[in-house]
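No lab work stands behind these numbers, since they all come straight from the coordinates. Small disclaimer: the values here were computed from a predicted structure and weren't measured.
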C-alpha cells in the first residue's frame, strides 16, 4: 500500500492515500468488487451513486451540443475568404 500520509485536521488521525495499484490489489483480494461504483479522488476512495437514465440522457445531450458547436466553429474557421473565393482552384473531385 502507498505510505503517503495525509492529515486532514490536527485532531483527526492521519490518512493514507491510495493509488490505482492499491485499488487493483483490493479488487483482486475481494475487498472491493469489480462492479462497485467508486472513484479515486486525491488518494481517497469515494463511493459514487450508480449512473441513472437521467444522467445518461443529460450526458448525451451535452456531448451532442458540444459536438455541434465545435463542428460549426471548425466549419467557420475553414471557410475561404470571400475576397479571394474566385481566384482559388477547386479541389472537388481531385482528392
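Quick one: length gained pulling residue 56 to residue 79 fully straight, 0.36 nm per residue minus the C-alpha distance?
Taking 0.36 nm per residue and subtracting the Cα distance, the gain is 4.8 nm.
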(message) Below 8 Å, C-alpha to C-alpha, sequence gap of six or more: please give me the relative contact order for the range 5-47 in percent.
(response) 31 percent
